[in-house]
Amino acid sequence: MSPSVTPTVLARLRLAAQGILPTSISPGPGPGDVVRSLTALQGQDFPGVLWSIGLRSPGSTRAAVEAAFNSGELVRSWPMRGTLHVTLAEDLGWILSLTAERMESGMSTRHRELEITTADVDKVRELALALVAEQGGRVSRDELFTAFERAGQGTKAQRGYHLLFLLCLQGTLVQGPINSAAGNGNSQFFVSAEAWIKNPRAMDREQALAELALRYFSSHGPATIKDFQWWSKLTLKDISAGLAQLGDQLASVVCNGVSYWLAPETAELLGGTVPGTRSLLLLPGFDEYLLGYTDRSAALAPHHAPLTVPGGNGVFKATVVAGGKVAGTWRKAQGMAEKQRQLAGVVLPELFGELSPNQTRSLEKSATAYKRFLLPN
């Protein structure tokens, strides 16, 4: 019989499974280890996803995470839900083999509205690969758009974005090394996926379905099948086919009458005191701790949701998480404004309620860790 847990314990088990708290089941120490464990991290906010990786890799700096992109270990593309994610370079191809067709089909109406045809995609593919070769293997988004416009392929009204989306979805391009010359280094060069990804993993569809299911529930569990369906956008038929191959590789718990799947190693934490009771964490916006599930109620109280996602517009603020529960939001401090409220000179919190003295000290430690992460080397 599956053990029963409370929503609070469920949330803290997720902190452990995701590697946010250091436990015996934490991934290896490097940025690549973190991404391998989570499989895919939502990455539409690039500075945020760098911190998502960094906070799970204690002691790492932003420069160390960027180095994993520059070396070709990590890439960013659109492997799921039509949204940018970071993956290991070697994993991108097999994930796209499961998801790309459904994503492209789901965007077909929008692409007709933008007057994007198969011939248009073929044309910009030829242009993009030629430009990448001319530019020494890497090219910026602006350079691609300029080339598209010169060839009569309009990029306004999101047409250019969707052309790049299709080129990445179809395995032509991928976002790889950091474009340090652009702004604050918050963008990446586009490169040829075939040339950049040196050792792509190959597996058949059945193997890939099992791999994705195992890795999702191992890194995000406890989670439900509905959570996995939302996260991956696979069909229930495909999810069932993947789970059927896993046998005893997953365990389960019950919370409020609902079954949740997780790694046996995570379930073993129930044998003692589940860690995280006193934890005080600074998570970036769009972190997998919230975005990895369709039901976020274990960590985010309904009355706090409008403060975390203002207007319900899908834009998630960075969060202060106390004992697994969202207890406020925060942002990176700008300049000297409101200096008296800044923590470690870099974090400006907006708390939903009062913190205890111990929690306040933990919050200051988390802010200091974030400041260290931002150091150039």
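Some points to look at:
- Scanning the range 265-283 for residues that are in contact with a strand residue (DSSP E or B) (Cβ under 8 Å, 6 or more places away or on another chain) and of a type outside the set (Gly, Ala, Ser) yields 266, 270, 280, 281, 282, 283.
- Here the helices (runs of 4 or more DSSP H) wholly within the range 53-169 that include at least 1 residues being in contact with a Gly (Cβ under 7 Å, 6 or more places away or on another chain) and not polar (S, T, N, Q) are 62-70, 89-106, 141-150.
- Leading residue by the ranking (farthest from residue 360 (Cα to Cα)) among those in the range 246-284 that are part of a helix (DSSP H, G or I) and of a type outside the set (A, V, I, L, M, F, W, C): 247
- Residue 355 being touching a residue at least 24 places away in the same chain (Cβ under 8 Å), within 23 Å of the chain's Cα centre (by Cα) and buried (at least 17 other Cβ atoms within 10 Å of the Cβ): no
- Number of the exception - residue 2 against (1) of a type in the set (S, T, N, Q); (2) within 25 Å of residue 278 (Cβ to Cβ); (3) touching a residue at least 60 places away in the same chain (Cβ under 8 Å): (2)
Here is a yes/no grid of residues against (1) open to solvent by less than 20 Å² (accessible area, probe 1.4 Å); (2) farther than 23 Å from residue 351 by Cβ; (3) touching an Asp or Glu at 6+ places or on another chain (Cβ under 9 Å):
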site: 236; (1), (2), (3): no, yes, no
site: 239; (1), (2), (3): yes, yes, no
site: 254; (1), (2), (3): no, yes, no
site: 266; (1), (2), (3): yes, yes, no
site: 269; (1), (2), (3): no, yes, no
site: 277; (1), (2), (3): no, no, no
site: 288; (1), (2), (3): yes, no, no
site: 292; (1), (2), (3): yes, yes, yes
site: 301; (1), (2), (3): no, no, no
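- Selection within the range 152-187 - over 25 Å from residue 103 (Cα atoms), out of contact with any strand residue (DSSP E or B) (no Cβ under 7 Å at 6 or more places or on another chain) and either buried (at least 20 other Cβ atoms within 10 Å of the Cβ) or modelled with pLDDT under 95 (or both): 180, 181, 182, 183, 184, 186
- Within this structure, residue 101 passes the test of being of a type in the set (Asp, Glu), out of contact with any helix residue (DSSP H, G or I) (no Cβ under 8 Å at 6 or more places or on another chain), open to solvent by 10 Å² or more (accessible area, probe 1.4 Å) and free of Cβ contacts under 8 Å to residues at least 12 places away in the same chain.
- Residues satisfying the stated conditions in the range 333-377, i.e. modelled with pLDDT under 90, under 21 Å from residue 64 (Cβ atoms) and of a type in the set (Lys, Arg): none
- Residues (in contact with an Asp or Glu (Cβ under 7 Å, 6 or more places away or on another chain), surrounded by 23 or more Cβ atoms within 10 Å (Cβ to Cβ) and of a type in the set (A, V, I, L, M)) located in the range 1-49: 38, 41
- Residue 228 satisfies every condition listed in (1) surrounded by fewer than 17 Cβ atoms within 10 Å (Cβ to Cβ); (2) touching a Phe, Trp or Tyr at 6+ places or on another chain (Cβ under 8 Å) except (1).
- Filter result (surrounded by 16 or more Cβ atoms within 10 Å (Cβ to Cβ) and polar (S, T, N, Q)) within the range 188-206: 188, 192
- Against the conditions (1) closer than 26 Å to residue 200 by Cα; (2) open to solvent by 40 Å² or more (accessible area, probe 1.4 Å); (3) touching a strand residue (DSSP E or B) at 6+ places or on another chain (Cβ under 6 Å), residue 95 satisfies every one except (2).
The values are calculated or read from the model by the stated rules, or taken from the named source; none is laboratory data. Everything numeric here is computed off the predicted structure, so don't read it as measured data. With ideal geometry, Cβ positions are generated from the backbone for all residues, glycine too; neighbour counts draw on all protein chains shown. Heavy atoms of the whole protein, side chains included, go into the accessibility calculation; ligands, DNA and RNA do not. Shrake-Rupley method; radii C 1.70, N 1.55, O 1.52, S 1.80 Å.
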